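**Student:** Structure in structure tokens, see below.
Read-outs throughout are calculated quantities, based only on the coordinates presented, and are distinct from any laboratory measurement. All of these numbers come straight from a predicted model, not from anything done at the bench. No Cβ is skipped: glycine too gets one built from the backbone with ideal geometry, and neighbour counts run over all protein chains shown.
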Protein chains: 2
Amino acid sequence: MAERDLIERVVAGLGRRGDRLLVGPGDDAAVVRADALAVTSTDTTVLGVHLPPDGHPRVTPEVVGHRAMATALSDLAAMGVAPGEAYVALTAPPAWDDARLEGLVRGAEAVAAATGTTIAGGDVSAGPGLVVTVTVVGWAASEAELLRRDGARPGWSVGVTGVLGGSATGLALLTDPRLAGADVPAPCPPAEAEALIERYLRPTPLVALGRRLRAAGAVAAIDLSDGVATDADHLARRSRVRIDVDVDALPRQAGVDAVAAALGADAARTAAEGGEDFELLVAAPPAAREALAALGVRWVGTVHDAGGAPGARLLRDGAPRPWRGWEHGA
Amino acid sequence: MAERDLIERVVAGLGRRGDRLLVGPGDDAAVVRADALAVTSTDTTVLGVHLPPDGHPRVTPEVVGHRAMATALSDLAAMGVAPGEAYVALTAPPAWDDARLEGLVRGAEAVAAATGTTIAGGDVSAGPGLVVTVTVVGWAASEAELLRRDGARPGWSVGVTGVLGGSATGLALLTDPRLAGADVPAPCPPAEAEALIERYLRPTPLVALGRRLRAAGAVAAIDLSDGVATDADHLARRSRVRIDVDVDALPRQAGVDAVAAALGADAARTAAEGGEDFELLVAAPPAAREALAALGVRWVGTVHDAGGAPGARLLRDGAPRPWRGWEHGA
């Protein structure tokens, strides 16, 4: 009965947003009123893999839940659709007692509330580690509303929202032994360091922005989970084009340069390869450049005919191979 | 790149069933043509929790995939809806190399193919153990098509499909040290023992039968994952009724009695509490009894006014408390 008690307490803390949900948790399945198109993504967060191992003081249960929900919803942001429901499957080892699991769900629910998402179902199971799989469903009236990866065309521009490198830099501040000791002064002002750490721990899924970008003329998009180098490559391959990205044009979060310098690292490379910033990378025709720039998109690259070798290239001073191992299109 | 190679090989082996899928694996999310109602359930299978620990010779990767997909789809069977899509999230430790993961997906895909389900997306991640979360989506045109847990009414009958106790008995044959040794003769004929083991390893989700039961007049249903004792209790509480179940009326799979006798166990209790048979328990008004019996439903219980204490009671010779600890409604 312990599992049922936990589930009842968890369910009591969940809000219903919108009027889609006909049957929520407690039946064999949730029942939801649909629109024409269901847009669905599933994403797993493992403690010790996608987050530091259990026990790090900043990695609270709420952070785990926040991050699991946010990273799943980021895929809907990149599709340009409004989120509807989320389904949360938890696998937990004995050290994760009910109080911690409830904290995790509170963290997920806070992100759901902020994005208009209803947690409509889930599962709780024992297991050898903490694994959270979140399946999110968004709804669209037609294909024209969607941002897809395969829509980029030669002659278009590639841009990014927000600032990059923050998440990887925040992780370094949390866990790199050269930076993470209590007696080690952060190489940047404390407010910047805290913002970098929060960027890693509590990313924001850009679901409203994704829809505005689509409305303003963006055609293709991907969320920056792996980093520009890899994600631009995914977009290029799906669209069968070549994408050139000027790595020095990638906007960097405040503090990224100072932390990179302290680590002897290349800040531009952190921005290009760090990943997990969960900003959006978009491709758009020239006519949409101005409207998208007004929404905060910064233009960092160009789309070209693939010449038989689709993929992304990173450029510095106009030349490829800014560092070894970057060229996914090769 | 290893993960991407694996995903590409896996995706190449997946079939598309029906014409719902507009965007499959490879974009940020799958895009599916919807019907009026989406019916969604998520279910996790953990090796070593829901199946014996890694290394048991009968628990092949295909078995893990089969079981994960079948147990998830069983929830759609209990809702009376046709399955549409499944999303498969895998978390795997290093010992699960690509070949094993591909075997797992083959097992899941075989069940998907047998039930008209399209695996439309997923996720692969490293982790401390093998965890498979399958989210399944079925589609219905209206609420009238659905079987729900909350529909049982006093004066109705409760019935079960198929035979029970087989899965728990099969697990005992696989793992109970009194039975599982190579030098221990099975207490039942080899063909029966093999059928019991297969019942545990490769359950069949009754998705077509669930829809036929609804059409024949069943109103409420639940799938027998935890066992009649617990699942009838779930149904009773959701419907706010009392359900009395005659445990001696529960049909038992061939060999269950012989194995129970060899273990000094009570075969009727195995049928009532064993769980994981993934048959369906239904409640229906008297007018539907004949049509449902023609589909194989055997009547094993009755629905009563709850008198303020909803729940299920197991009865033997008309008296409650056939054994200690069974009475969930108490």
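**Student:** Given the stretch B:2-145, what percent of its DSSP beta bridges are antiparallel, to the nearest 5? Intermediate values should be presented prior to the final figure.
**Tutor:** On the way: 21 of 31 bridges.
Looking only at bridges with both residues in the stretch B:2-145, the antiparallel portion is about 70 percent.
**Student:** For B:R212, go 7 angstrom from Cα along the Cα-to-Cβ vector, then report the distances to that same point in the other copies in nm, smallest first.
**Tutor:** Ordered by distance, the counterparts are at 5.5 nm.
**Student:** Take every DSSP beta bridge whose two residues both sit in the protein assembly as shown, then give the antiparallel share in percent to the nearest 5.
**Tutor:** On the way: 88 of 122 bridges.
The antiparallel proportion sits near 70 percent.
**Student:** Expressed as a whole number of Å, what is the distance separating the alpha-carbon centroids of the stretch B:260-312 and the stretch A:213-282?
**Tutor:** First find each Cα centre; the distance between them is then 57 Å.
**Student:** Normalising by the residue count of the stretch A:62-201, find the relative contact order in percent from Cα pairs under 8 Å and 6+ residues apart.
**Tutor:** Over the stretch A:62-201, the number comes to 28 percent.
**Student:** Given only helices, namely DSSP H runs of n ≥ 4 each adding -39500 (n - 2.57), what is the per-residue ellipticity at 222 nm of the protein assembly as shown, to the nearest 500 deg cm²/dmol? Numbers along the way, then the final one.
**Tutor:** Working: 20 runs with 224 residues, N = 660.
After summing the helix terms and dividing by the residues of the protein assembly as shown, the value is -10500 deg cm²/dmol.
**Student:** Another question about this same structure. Which residues in the stretch B:116-139 place their backbone N less than 20 Å from a point set 7 Å from the Cα of B:T175 along the Cα-to-Cβ direction?
**Tutor:** Answer for the stretch B:116-139: B:128-134.
**Student:** Next up: Could you tell me how far the Cα centroid of the stretch B:1-80 sits from the Cα centroid of the stretch A:15-90, in Å?
**Tutor:** Spelled out, the Cα-based centre of one part sits 17 Å from the other.
**Student:** Sort B:W323, B:W139 so that the residue with the fewest other Cβ atoms within 10 Å of its own Cβ comes first and the one with the most comes last.
**Tutor:** Sorted ascending by nearby Cβ count, the order is B:W323, B:W139.
**Student:** 7 Å along Cα→Cβ for the label point: how many nanometres lie between B:W299 and each equivalent label in the other copies, listed shortest first?
**Tutor:** Result, one decimal in nm: 7.6.
**Student:** What list of ³J(HN,Hα) couplings, whole Hz, do you get for the stretch B:275-288 from phi and the Karplus terms 6.51, -1.76, 1.60, once you set θ to phi - 60° and write x for glycine and proline?
**Tutor:** x, 6, 7, 6, 7, 10, 9, 10, 10, 8, x, x, 4, 9
**Student:** Compute the Cα gyration tensor for chain A, then decide on rounded, prolate or oblate, letting a ≥ b ≥ c be the square roots of its eigenvalues: rounded whenever a/c is under 1.5, prolate when a/b is larger than b/c in the other cases, and oblate in all that remain.
**Tutor:** Because a/c hits 1.5 or more and a/b fails to exceed b/c, chain A counts as oblate.
**Student:** Also, I was wondering about something else. Would you mind ranking B:D277, B:D19 so that the residue whose beta carbon has the fewest other beta carbons within 10 Å leads the list?
**Tutor:** Sorted ascending by nearby Cβ count, the order is B:D19, B:D277.
**Student:** Continuing with this model, one more query. State the antiparallel share, in %, of DSSP beta bridges confined to the stretch B:149-320, rounding to the nearest 5.
**Tutor:** So the antiparallel bridges in the stretch B:149-320 amount to around 75 percent.
**Student:** Kindly give the distances from A:G26 to its copy-mates, label point to label point, with each label point 7 Å from Cα along Cα→Cβ, as nm values to one decimal ordered shortest first.
**Tutor:** For A:G26, the other copies' label points sit at 4.3 nm, shortest first.
**Student:** Work the Kirkwood hydrodynamic radius out for the stretch A:207-279: mean of 1/r over every pair of different alpha-carbon atoms, inverted, in Å.
**Tutor:** Taking every pair of different Cα atoms in the stretch A:207-279, averaging 1/r and inverting gives 13.5 Å.
**Student:** Kindly list the residues of the stretch B:218-239 that lie in the label zone of B:E290, defined by a backbone N under 18 Å from the point 7 Å along the Cα-to-C-beta vector.
**Tutor:** B:218
**Student:** With charges set only on the Cβ (+1 for Lys and Arg, -1 for Asp and Glu), what does the dipole of the protein assembly as shown come to about its Cα centre, in debye to the nearest 20?
**Tutor:** Magnitude of the dipole: close to 1100 debye.
**Student:** Let me ask something else. Counting only other chains, and only Cβ atoms inside 10 Å, what mean value do you get across the residues of B:182-189? Before the final figure, lay out the partial values.
**Tutor:** Values: counts 0, 0, 0, 0, 0, 0, 0, 0.
Across B:182-189, the average partner-chain Cβ count within 10 Å equals 0.
**Student:** Which FRET efficiency value, to the nearest 0.05, is calculated for B:H304 and B:A254 with the Förster distance at 25 angstrom and r the Cβ-Cβ distance?
**Tutor:** 0.15
**Student:** Additional query: Would you calculate the separation in nanometres between label points at B:D266 and B:W323, each defined as 7 Å from the Cα along the Cα-to-beta-carbon direction?
**Tutor:** Using points 7 Å along Cα→Cβ, the separation is 0.5 nm.
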